[in-house]
Structure formats: structure tokens, C-alpha cells
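Peer 1: Please find one structure pasted underneath; my questions will follow.
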Amino acid sequence: MELTSKYNPADVETKNYQYWLKHKLFRSVPDDCREPYTIVIPPPNVTGILHMGHMLNNTIQDVLVRKARMSGKNACWVPGTDHASIATEAKVIAKLAQQGIRKQDLSREQFIQHAWDWTNEHGGIILEQLKKLGASCDWDRTCFTMDEIRTQSVIRVFCDLYRQGKIYKDVRMVNWDPKALTAVSDEEVIYKEIQGKLYYIKYKIEGKDGYAVIATTRPETIFGDVAVCIHPNDEKTKSFKGKKLIVPLVNRVIPVIEDDYVDAEFGTGCLKVTPAHDVNDYRLGAKYNLETIDVLNDDGTLNNHCLNYVGMDRFAARTQMEKDLAHAGLIEKIEPYTHKVGFSERTDAAIEPRLSMQWFLNMQELAKPALDAVMNDTVKFCPAKFKNIYRHWMENIKDWNISRQLWWGHRIPAYYLPRGGFVVAETKDEAYQEALRTVDYPLTIDDLRQDEDVFDTWFSSWLWPLSVFDGILHPDNADISYYYPTQDLVTAPEIIFFWVARMIMAGYQYRQEACFRNVYFTGIVRDKLGRKMSKSLGNSPDPIALMDKYGADGVRMGMLLTSPAGNDLPFDESLCEQGRNFSNKIWNAFRLVKGWQTDNTVLQPEASRIAVQWFEALLNQTLPEIEDLFEKYRLSEALMMIYKLFWDEFSSWYLEIIKPAYMQPVDPTTCSATLHFFDSLLKLLHPFMPFITEELWQSLDKREDGESIMLQMTPQPKQTDTQLTSDFAKVKEIITGVRSVRLQKNIPTKTPLHLQVVGQHNNAFDTVIVRLCNIEQINPVKEKEDQSVSFLVGTTEYVVPVNDLLNREEEITKTETEINYYEGFLSTVLKKLSNEKFVANAKPEVVDMERKKQLDAETKLKALRDNLTKLKNK
């Protein structure tokens with residue numbers, strides 16, 4: 001196959017991906033011959049589009065999957081998408097609003113149909129974008145968290161856990177999102193520092209002159225005040241003991257209670273108790289049996305308890321109440337106050353602590369085996385530093401609020417009876433049959449009313465490693481029996497609690513073992529300023545545009561070059577450019593080698609024989625190191641090792657040694673070895689750069705239709721000649737030294753040189769040195785010539801006579817400049833060493849370092865002055 005002179009990724013990528021799909025090379029089915037290797041994709045939002053975090057995560061997954069295939073394993077990468085209740089519902093509501101339609105004007109069924117229309121129109125885009133990246137998923141296995149199998153799985157698990165007594169319904173203080181109109185979990189609340197105000201409000205004493213001053217950041221909640229609490233031992237508030245106070249504006253009389261919960265040092269020592277709107281106040285209210293008054297509507301506006309503020313937004317009401325309280329003389333003072341406020345991760349609305357009837361899953365029993373699994377490395381975290389974060393959360397785990405007040409999602413299968421109570425069942429028909437067994441009055445199926453809430457999205461995601469193989473509905477099927485547990489999970493540390501911990505719990509609950517063996521935590525992709533990439537900051541490049549510009553392989557390599565596990569990735573577009581340049585380097589090197597003509601009559605040159613033996617030894621030495629890095633998930637280091645092996649060793653050294661003269665043929669032995677090396681290098685690179693390696697591997701030799709590099713075995717190491725690689729490393733130092741002399745002295749490459757050796761020298765490699773350095777002779781000598789330049793390799797001195805090759809005046813000027821520099825440097829060092837305080841107080845190793853600098857500078861100056869003298873006396 002003829003290769004174009006310039007590598008064009010667009011010509012290669014689409015063609016090869018279609019080739020892989022045509023021959024179903026990503027397809028995996030259970031077999032008895034191979035060990036399974038399984039990854040389940042962290043399902044992106046169904047209506048989402050590719051961002052840089054997806055790029056990093058899925059590139060790493062693809063590297064691991066392709067490496068497993070090339071290790072002879074039956075690799076199965078399961079793709080899919082998440083229905084994303086809050087995010088998708090918000091997008092549908094926004095779309096309807098553009099059409100003048102409000103959610104509340106639609107029936108539930110009508111809204112759900114709009115949501116499905118939106119999902120079908122926009123869903124799956126991100127999966128198509130992953131194909132452009134080169135993701136080798138088994139697309140026949142694509143799942144959606146709201147498809148039939150996944151939906152039935154979620155419903156069955158809920159019913160099962162409810163029957164076990166692990167799921168219950170209760171009124172609890174929850175995080176309420178007034179924009180999404182739903183409760184959200186603690187993990188979905190982001191705390192931000194806010195510059196607010198601290199209002200000191202006067203509460204008059206009933207039946208007496210005087211008042212108590214109470215500090216609050218939220219005056220709009222005073223309509224829900226039911227008590228004022230003081231510390232029993234606080235001297236400054238003891239006059240209020242046993243008294244009753246009057247809530248400002250409301251004029252409701254409330255008691256003063258005492259509890260050591262109150263921080264006597266904060267504010268005035270008086271705490272307003274609003275059980276419906278603060279989690280700590282709620283606990284006080286429960287302790288003292290206080291009334292609970294909710295003053296907010298679902299959307300964050302004030303309700304009918306709030307007098308003439310009814311219907312006002314909570315923040316607008318706060319502003320108005322500041323004016324009204326001041327006008328009534330009920331504000332003592334207002335101070336600026338910086339405090340942390342919780343915001344919804346999804347909508348960025350300020351969260352309201354609020355009492356709400358919700359469904360909860362008891363987590364205590366579920367958490368124990370999942371905690372043990374991570375702490376004893378049954379499930380290994382990479383990097384391990386996340387174990388302590390995991391342990392802290394699991395040891396302090398709270399019951400999971402699994403219900404959400406939304407329409408898009410899996411509806412909770414609880415059915416309410418007309419005279420109170422409810423039944424839980426997988427279908428309405430089953431619920432009706434269950435209800436008939438529990439009631440003693442006439443009942444029709446239409447009398448049952450299903451719960452309006454849906455499950456938290458994560459309640460479907462936590463089953464993902466099980467449900468993608470239909471392991472909930474059919475726990476003994478061939479897929480779950482073969483592919484479970486999965487091997488590796490690649491995910492972000494910010495969802496360690498949302499998803500990772502809960503999946504491990506589900507695995508032990510339903511399979512009595514962990515759902516994966518290793519968790520690779522990626523870092524956050526940041527810009528050059530260290531900021532997290534986001535749409536709002538406008539600092540996130542379009543991944544598709546990057547791949548169009550640099551090629552998918554170039555972007556993959558750029559992402560992986562600086563992405564150690566668990567550490568943030570400081571992304572710079574120049575990394576993608578480096579990746580593209582590497583693609584060009586591979587392409588051009590391949591065209592060079594394939595362009596050579598062989599001649600069976602040409603014998604292998606000695607230099608080529610040495611080069612072949614050396615590179616084979618180096619390759620065998622490097623292969624176990626690469627394998628070790630893979631096993632430790634140090635993928636960036638593995639890629640860099642392969643990169644250097646190709647660019648530095650193969651291209652810069654090996655090919656330079658063996659390439660024939662212009663228009664001359666190459667011997668068949670060297671040509672065959674070189675093609676073999678190229679084959680090995682392409683296989684090593686394939687997991688990282690799948691497109692270019694497939695293209696070149698197909699061109700390397702005649703292939704059958706359906707053959708692919710991805711199905712070839714990774715090169716296996718043979719016996720390594722470490723002495724040869726060690727000796728050749730010294731040869732490279734010699735060659736580098738000679739080239740440096742040419743550069744320093746401006747000696748043209750075409751000018752032949754003599755090389756003298758003072759000391760021990762292995763002449764077995766002289767043909768390589770002669771070839772790459774244009775050396776006429778290599779001679780051992782006892783003393784080096786005058787007017788020569790030398791360098792050390794180990795303890796051996798190599799000398800290049802330059803007497804007839806130098807411009808004397810230029811050399812004198814250059815040498816004098818160097819002398820001036822080192823004299824100044826030495827003066828600085830001597831000044832420091834002559835300072836008695838420095839010598840007495842500095843660490844001994846610091847002083848020793850300065851003395852070494854002195855000795856080195858004096859040695860260098862002596863050599864330069866001797867050389868200058870010789871130049872002037874010439």
C-alpha cells in the first residue's frame with residue numbers, strides 16, 4: 001500500500017475505525033479459552049457532549065483495553081449512557097420554556113414524552129464522539145440506565161431492599177434545591193465562601209421593657225422561629241432564663257430554652273431556633289418537642305406564614321425585611337460576614353435545609369464489606385492516597401436519600417392505598433394483588449396511586465457493573481458469570497462516594513464480591529493557570545476541534561504525557577502538537593525504511609551488525625520495564641518510555657547507523673531486522689496511538705482481510721544482553737562528545753577528524769563511531785596533543801586534535817570570555833566561604849557544596865588559562 005508523503009490523520013482515522021467496526025474487532029463473547037478482561041464505562045449523561053475530562057478518562061480506558069487484547073485476554077469494554085435526572089429534566093424544561101410551555105401545564109405523561117423526544121434527538125452524540133477518539137468499546141453491548149433491562153433491575157433492587165427492611169420512608173432534614181425543585185444528596189452540595197451580612201435583631205421581652213439581641217444571617221426565616229436558646233452557664237444571657245420573647249414583625253411569643261449546644265462566644269449568645277430550616281435547629285426542636293414551621297415554598301419563595309412577604313423570593317424578602325426591621329427600630333446593627341453557603345452542584349442554586357418526606361436506604365450494613373474490601377486491598381485504589389478519604393466517609397456514612405422530586409427517571413414503585421398505607425411491588429398489578437391481601441375493604445386497581453418521586457440517578461448507576469450484564473434479573477446468565485467481577489474502573493475522585501463506594505456495596509450485596517479489582521483515579525484537567533476547565537470560564541478547548549487539528553492519536557498522546565494517576569493534568573495545547581509531531585516522526589521513519597531497496601549481494605556492514613544486536617538487546621531490556629509500568633498503572637511513564645525508545649534510540653541512533661548511502665541498497669539481513677523492530681515498536685505504541693499504528697502495520701507486510709494489529713500479541717522479552725547495552729551507552733557518549741567538539745569549534749560535519757584515546761577503550765564498536773562521527777582514525781595515545789579538545793567518558797579521555805581546524809583569534813576571544821565568567825563565579829564562591837557566619841551556621845553539606853564549586857572553578861580556570869597560553873604562543 002502506497003503511503004502519502006505527509007501524514008494526514010483524517011485519511012487514516014475514519015477508514016481504520018470503519019475497518020474495525022466492519023470486522024467486529026471490538027466484539028467480545030464469553031469463551032473457555034481466554035481470561036476475561038472487563039471495563040464498564042462511567043456512563044456519561046445521555047445528552048452530554050465530549051469534554052476534556054471525558055477525553056482523558058476514555059483514553060486511559062482504551063489504552064488499558066487495547067493492552068489487554070494484545071496480552072491475549074478476552075477484552076470487553078461496555079459502553080453506555082446515564083439518564084441524568086436533574087440535568088436532563090432541566091434541559092427539557094428550558095427547551096419547553098422557549099416554546100412558551102411550562103412544566104406545570106403538562107401532565108406527567110406529556111412531560112415524559114418530551115423528555116424521551118429530547119433524549120432520542122440528542123442522546124448518543126457523545127458515544128459517536130468517543131468513536132472519533134478511537135474508543136474500542138463493544139458497541140453491541142451499549143446500555144442506557146433507563147432501557148428496559150436497567151429499569152427493571154433498579155425496580156427489583158428497590159423492592160428487594162425494601163423487603164429486607166433496608167429502605168424506609170421518613171421526614172428528614174434534606175438539602176433542597178429550589179431551582180430543580182428536588183432534594184439532593186450531601187455529596188451534590190458544593191460549599192462556597194460568600195460575603196454576606198450578620199443582622200443583629202431585637203426580640204422584645206414579653207411583659208417587660210428590654211429585649212434580647214439575636215444575630216442571624218437569614219432574617220427571612222424568623223417567621224419560622226419557635227424558640228430562642230441560650231447556654232445555661234452564659235453570664236451575659238442569664239437574665240433571659242425563664243422569659244418569653246416576641247418574634248419581630250410576627251409578634252408571636254416564643255419561649256427561651258437552655259442547651260449547651262449554644263456557642264456562648266458567637267454573636268450575642270442567643271440563638272434563634274428555626275427547626276424547619278436548619279439541621280441543628282431541627283435537632284434542638286426534636287429534643288425539646290418544639291413546633292416546626294416551614295416558611296418556604298418549593299421554589300424558594302415565602303409561603304402563607306410570612307404575612308405581607310408571601311410570594312417573594314427568599315433573597316428579595318431578605319432585602320425588604322432589612323428595610324422593614326430597620327424602620328421598626330428592631331435592628332441594633334449589621335456587620336459584614338463571610339461564611340460558607342451550600343450550592344447545588346447541578347443548578348448552582350443556594351441550597352435550603354428543609355424538612356421533607358423522603359425515601360432512604362440504610363447504609364450501615366451495606367458499608368461494612370465495602371469498607372473492608374478497600375482497606376485490605378481486595379479492591380485496590382490507584383493512587384492509594386484515596387483510601388483514607390474513602391475510609392473516613394464510609395466510617396461516617398449516613399443513610400442515602402434515594403428519592404428525588406422529579407418526573408424524568410425511574411419512578412418509585414410504591415403504591416398508596418385510599419385509606420392510608422402503601423405497598424411496594426415491581427408492577428402495579430403485583431401491588432394490587434399485594435394490597436388485596438392486606439386491606440379489608442373493596443379495592444380496584446385504579447384506587448392505587450403510585451408515588452410521584454423518582455430515584456436518585458445514582459440509584460441506577462450503583463448497579464452498573466451488574467446491570468450491564470443483566471446480573472440483577474438473571475444472576476446466573478453466561479455474561480455475568482464470565483465477565484464479573486470487572487478488572488479496572490477508571491473514574492474521577494470527585495465521584496468516589498456518589499458512585500465508586502456504592503458500586504462496591506451493590507457488588508457485595510448481590511454477588512458477595514467486589515464489582516472490580518482496581519480503581520484508577522484520574523486527575524482534573526486544568527489550564528495553564530491551574531484553573532479547572534469549564535464552559536463558564538471559557539478555558540476548555542473543543543475536543544473535536546483538537547482532534548481535527550492534531551489527529552486523535554496526537555491528542556491522546558498529548559493528554560497522556562502529563563497525566564499521572566490521581567494528579568491533575570496541566571493541559572497545554574502544545575502537548576497535542578508534540579503528539580502530532582511524534583505521529584509525523586513515526587510516519588516519516590516508516591516511509592524511510594520501506595523506501596529502501598534490498599540487494600541480496602550486499603553483505604551486512606559491521607556497523608549495522610552491531611546496531612541490530614544493540615537495539616535488539618535494548619528492546620528486550622525495555623519490554624519488562626514497560627510491562628511493570630502498566631501493572632502499576634503508570635501509563636504516562638510507560639508512554640514516555642516507548643516514545644524515547646522510538647524517537648531517541650530507534651530513529652536518532654539505530655536508523656542513523658544502518659541507513660544506506662543515498663540511492664544505495666541495504667543488505668537483506670539489516671532490512672529484515674529493521675522491519676521486525678518496526679513491527680515491535682508499532683505493537684508497543686498501539687494502545688496509545690491506535691490509528692497510525694494500524695495503518696502502518698497493515699503496510700508493513702501483506703495482510704489478510706480482517707487482520708489487525710490490535711489482535712497481535714505484545715512483544716515478549718527474550719534474554720537480554722545488558723553488557724552490550726551498557727557498552728553501547730558509552731559509545732553514544734563518545735559520539736555525542738565528538739559532535740559537541742564539532743559544534744563548539746564550528747568544524748563542518750564533512751570535515752574528517754582524528755580521535756585519540758588516553759586510557760582504556762573497547763574498539764569493538766569503532767565502526768559505529770567512525771560512521772557517525774566521520775572519523776578517519778581512532779588511535780590510542782599516552783598523552784594528548786597540544787591544540788586539541790578533549791572530553792571524558794568514564795575515566796577514559798577522548799581527544800580531538802584541532803590544531804589545523806581552528807580560527808585562532810576566535811578561539812582566543814572565546815577562551816577569554818570563559819575565563820572572565822569563571823573568575824566572577826569563583827569570586828562569589830570565595831566571598832561566601834570567607835563569611836564566618838555562613839560557614840558556622842550553614843548545614844555542613846551546604847558548605848561542602850560551596851567548597852566543591854570552588855575546586856571545580858579553580859580546575860576549570862587552570863585548564864582555560866593553559867589553553868589560552870598555548871593559543872597565544874602558537
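Residue by residue, here is whether (1) open to solvent by 10 Å² or more (accessible area, probe 1.4 Å); (2) touching a helix residue (DSSP H, G or I) at 6+ places or on another chain (Cβ under 8 Å) holds:
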site	(1), (2)
459	no, yes
463	no, yes
471	no, yes
481	yes, no
486	no, yes
490	no, yes
493	yes, yes
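Peer 1: Then there is this: Any idea which of 768, 789, 847 is part of a strand (DSSP E or B), buried (at least 16 other Cβ atoms within 10 Å of the Cβ) and out of contact with any Asp or Glu (no Cβ under 8 Å at 6 or more places or on another chain)?
Peer 2: Details: 768 fails: part of a strand (DSSP E or B); 847 fails: part of a strand (DSSP E or B).
One residue alone meets the criteria, 789.
Peer 1: Can you name the residue in the range 433-462 that is more than 20 Å from residue 152 (Cα to Cα) and among the polar types (S, T, N, Q) and, of all such residues, is nearest to the chain's Cα centre (by Cα)?
Peer 2: Residue satisfying both the conditions and the ranking: 438.
Peer 1: Quick check on the range 232-247. Is at least one of its residues within 15 Å of residue 206 (Cβ to Cβ), in contact (Cβ under 8 Å) with a residue 60 or more places away in the chain and touching a helix residue (DSSP H, G or I) at 6+ places or on another chain (Cβ under 7 Å)?
Peer 2: no
The rows are residues; the columns are (1) charged (D, E, K, R); (2) part of a loop (DSSP other than H, G, I, E, B); (3) over 24 Å from residue 384 (Cβ atoms).
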| residue | (1), (2), (3) |
| --- | --- |
| 459 | no, no, yes |
| 466 | no, no, yes |
| 471 | no, yes, yes |
| 497 | no, no, no |
| 506 | no, no, no |
| 520 | no, no, no |
| 538 | no, yes, yes |
| 541 | no, yes, yes |
| 545 | no, no, yes |
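Peer 1: Which of the residues that make up the range 742-765 are under 28 Å from residue 813 (Cβ atoms), assigned to a helix (DSSP H, G or I) and in contact (Cβ under 8 Å) with a residue 40 or more places away in the chain?
Peer 2: Those that are under 28 Å from residue 813 (Cβ atoms), assigned to a helix (DSSP H, G or I) and in contact (Cβ under 8 Å) with a residue 40 or more places away in the chain: 744, 745.
Peer 1: Scan the range 818-839 for residues that are among the small types (Gly, Ala, Ser) and either open to solvent by less than 80 Å² (accessible area, probe 1.4 Å) or in contact with a strand residue (DSSP E or B) (Cβ under 8 Å, 6 or more places away or on another chain) (or both) and jot them down.
Peer 2: Looking only at the range 818-839, we keep the residues that are among the small types (Gly, Ala, Ser), and these are 824, 827, 834.
824, 827 - these are the residues of the range 818-839 that are among the small types (Gly, Ala, Ser) and either open to solvent by less than 80 Å² (accessible area, probe 1.4 Å) or in contact with a strand residue (DSSP E or B) (Cβ under 8 Å, 6 or more places away or on another chain) (or both).
Peer 1: Residues in the range 777-786: is at least one assigned to a strand (DSSP E or B) and of a type in the set (A, V, I, L, M, F, W, C)?
Peer 2: For the range 777-786, residues assigned to a strand (DSSP E or B) and of a type in the set (A, V, I, L, M, F, W, C): present.
Peer 1: Any idea which of (1) part of a helix (DSSP H, G or I); (2) touching a residue at least 60 places away in the same chain (Cβ under 8 Å); (3) in contact with a Leu (Cβ under 8 Å, 6 or more places away or on another chain); (4) not charged (D, E, K, R) is the one residue 584 doesn't satisfy?
Peer 2: The failed condition is (3).
Peer 1: Another question, if that's okay. Within the range 1-18, restricting attention to residues that are part of a loop (DSSP other than H, G, I, E, B) and in contact with a Gly (Cβ under 9 Å, 6 or more places away or on another chain), which residue is surrounded by the fewest Cβ atoms within 10 Å (Cβ to Cβ)?
Peer 2: Among them, the one singled out is 8.
Peer 1: Within the range 668-678, how many residues turn out to be touching a helix residue (DSSP H, G or I) at 6+ places or on another chain (Cβ under 6 Å) and open to solvent by 10 Å² or more (accessible area, probe 1.4 Å)?
Peer 2: Count: 1.
Peer 1: I'm trying to understand the selection: among the residues of the range 171-217, which are surrounded by fewer than 19 Cβ atoms within 10 Å (Cβ to Cβ) and not in a strand (DSSP E or B)?
Peer 2: 179, 185, 186, 187, 206, 207, 208, 209, 210, 217
Peer 1: Which residues, counting only those in the range 854-865, are open to solvent by 70 Å² or more (accessible area, probe 1.4 Å) and of a type outside the set (A, V, I, L, M, F, W, C)? Lay out the reasoning, then the answer.
Peer 2: Here is the first cut: in the range 854-865, the ones open to solvent by 70 Å² or more (accessible area, probe 1.4 Å) are 855-856, 858-860, 862, 865.
Listed by number, the residues that qualify are 856, 858, 859, 860, 862, 865.
Peer 1: Of all residues in the range 752-776, count the ones that are within 16 Å of residue 729 (Cα to Cα) and in contact with a His (Cβ under 9 Å, 6 or more places away or on another chain).
Peer 2: 0
Peer 1: Right, next: Among (1) more than 28 Å from the chain's Cα centre (by Cα); (2) without any contact (Cβ under 8 Å) to a residue 60 or more places away in the chain, where does residue 412 come up short?
Peer 2: With (1) more than 28 Å from the chain's Cα centre (by Cα); (2) without any contact (Cβ under 8 Å) to a residue 60 or more places away in the chain applied to residue 412, the lone miss is (2).
Peer 1: Would you confirm, using the coordinates I've provided, whether residue 266 is touching a His at 6+ places or on another chain (Cβ under 6 Å) and closer than 30 Å to residue 345 by Cβ?
Peer 2: No: the conditions fail for residue 266.
Peer 1: Among the residues of the range 696-707, which ones are open to solvent by 10 Å² or more (accessible area, probe 1.4 Å), at negative phi and of a type outside the set (S, T, N, Q)?
Peer 2: 700, 701, 702, 703, 704, 705, 707 - these are the residues of the range 696-707 that are open to solvent by 10 Å² or more (accessible area, probe 1.4 Å), at negative phi and of a type outside the set (S, T, N, Q).
Peer 1: Sticking with this structure for a sec: Quick one: in the range 638-661, which of the residues that are without any contact (Cβ under 8 Å) to a residue 24 or more places away in the chain and open to solvent by 30 Å² or more (accessible area, probe 1.4 Å) is nearest to the chain's Cα centre (by Cα)?
Peer 2: Filtering first and then ranking leaves 641.
Peer 1: Pick out, from the range 321-388, the strands (runs of 3 or more DSSP E) lying fully within it that include 3 or more residues that are in contact with a Leu (Cβ under 6 Å, 6 or more places away or on another chain) and closer than 30 Å to residue 302 by Cα.
Peer 2: Per the criteria, 331-344.
Peer 1: Could you please give the count of residues in the range 389-414 that are assigned to a helix (DSSP H, G or I) and either among the β-branched types (Val, Ile, Thr) or open to solvent by 30 Å² or more (accessible area, probe 1.4 Å) (or both)?
Peer 2: 5
Peer 1: I'd like to know if the range 601-617 contains one or more residues that are modelled with pLDDT under 95, among the β-branched types (Val, Ile, Thr) and surrounded by 15 or more Cβ atoms within 10 Å (Cβ to Cβ).
Peer 2: There is at least one residue in the range 601-617 that is modelled with pLDDT under 95, among the β-branched types (Val, Ile, Thr) and surrounded by 15 or more Cβ atoms within 10 Å (Cβ to Cβ).
Peer 1: Follow-up question, since we're still on this one. Of the residues 283, 252, only one is closer than 22 Å to residue 324 by Cβ and surrounded by fewer than 17 Cβ atoms within 10 Å (Cβ to Cβ); which?
Peer 2: Every option except 252 fails the conditions.
Peer 1: Taking only pairs six or more apart or across chains, which ones have beta-carbon atoms under 6 Å, a first residue in the range 845-856 that is under 16 Å from residue 825 (Cα atoms), and a second residue that is part of a helix (DSSP H, G or I) and open to solvent by 70 Å² or more (accessible area, probe 1.4 Å)?
Peer 2: 850/832
Peer 1: Can I ask one more? Any residue in the range 80-97 that is under 22 Å from residue 28 (Cα atoms), under 26 Å from the mean Cα position of the chain (by Cα) and in contact (Cβ under 8 Å) with a residue 60 or more places away in the chain?
Peer 2: In the first step, residues of the range 80-97 are kept if they are under 22 Å from residue 28 (Cα atoms); the result is 80-81.
Now narrow it down to the ones that are under 26 Å from the mean Cα position of the chain (by Cα): 80-81.
Applying the additional criterion that residues be in contact (Cβ under 8 Å) with a residue 60 or more places away in the chain yields 80-81.
Yes, there is a match, as at least one residue in the range 80-97 is under 22 Å from residue 28 (Cα atoms), under 26 Å from the mean Cα position of the chain (by Cα) and in contact (Cβ under 8 Å) with a residue 60 or more places away in the chain.
Peer 1: Hey, another quick one. Does at least one position in the range 795-803 carry a residue that is surrounded by fewer than 19 Cβ atoms within 10 Å (Cβ to Cβ) and part of a helix (DSSP H, G or I)?
Peer 2: Looking only at the range 795-803, we keep the residues that are surrounded by fewer than 19 Cβ atoms within 10 Å (Cβ to Cβ), and these are 795-797, 801, 803.
Now restrict to residues that are part of a helix (DSSP H, G or I): none.
No, because not a single residue in the range 795-803 is surrounded by fewer than 19 Cβ atoms within 10 Å (Cβ to Cβ) and part of a helix (DSSP H, G or I).
Peer 1: Related question: Could you identify the single residue in 528, 549 that is open to solvent by 90 Å² or more (accessible area, probe 1.4 Å) and touching a helix residue (DSSP H, G or I) at 6+ places or on another chain (Cβ under 8 Å)?
Peer 2: Among 528, 549, only 549 is open to solvent by 90 Å² or more (accessible area, probe 1.4 Å) and touching a helix residue (DSSP H, G or I) at 6+ places or on another chain (Cβ under 8 Å).
Peer 1: Being open to solvent by less than 60 Å² (accessible area, probe 1.4 Å) and charged (D, E, K, R) is the filter; apply it to the range 708-748 and report the residue that is farthest from residue 779 (Cα to Cα).
Peer 2: Checked the range 708-748; the qualifying residue farthest from residue 779 (Cα to Cα) is 745.
The values are calculated or read from the model by the stated rules, or taken from the named source; none is laboratory data. Model, not experiment: these values are computed from the prediction. FYI the Cβ positions are ideal-geometry reconstructions off the backbone, even for glycines, and counts take in every protein chain you see. SASA here: full protein model, heavy atoms, side chains in, ligands and nucleic acids out. Shrake-Rupley method; radii C 1.70, N 1.55, O 1.52, S 1.80 Å.
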